[in-house]
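These notes are about the structure you will find just below.
Read-outs: derived from the displayed coordinates by stated rules, not from any lab. Keep in mind that what you see is a predicted model, and the values were worked out from it rather than measured. Quick reminder, even Gly has a Cβ in these numbers, built from the backbone with ideal geometry, and neighbours come from all protein chains shown.
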Amino acid sequence: MSDTQAARTVLVRQGKFSPSPFEPCRFLGVEELQSIAALGGLFVDLKNDEDPKVLIPFFGAIDLIRIAFPSSADGRGFSLGQRLRRLGFKGTLRAHGDLISDQYPMAIRTGFDELEISHKMAERQPEDQWLAAIPKLETYRSRLGLTG
């Protein structure tokens with residue numbers, strides 16, 4: 001495996017490995033958001049200890065929020081995802097970081113659309129393990145009648 005391949009990540013979407021519909025893109029931190037929110041089409045990085053309420057005024061301009069999972073033992077990101085949905089965010093929610101296939105059902109139940117994992121994790125837990133983790137699991141967005 002080349003250094004370039006090792007640095008890339010793998011997206012788990014709808015239970016299988018897939019390319020991101022948003023790549024290439026640049027993710028913004030909350031502090032950068034205010035200055036360019038008027039442009040729309042924003043991708044925001046949210047740390048798992050940040051208050052999601054600061055994003056409410058920008059929901060209409062944000063297409064994707066990526067929430068950090070620095071450890072598979074740290075579940076704060078699931079709470080953030082659920083809070084963002086309850087606050088009215090209708091865009092794409094992506095969990096990224098140290099995630100395992102056993103956490104995929106919880107991510108879907110708490111409002112996430114997709115997970116971004118390292119190439120190394122994708123080799124350790126191949127696509128079939130992610131598929132097996134969500135047999136016929138209804139997503140948060142499908143329960144609301146939303147697609148995509």
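Using 0.36 nm per residue and subtracting the Cα-Cα separation, the extra length available between Arg8 and Glu123 on full extension is 40.2 nm. Here r is the Cβ-Cβ distance between Phe59 and Leu131 and R0 is 30 Å; the resulting FRET efficiency, rounded to 0.05, is 0.45.
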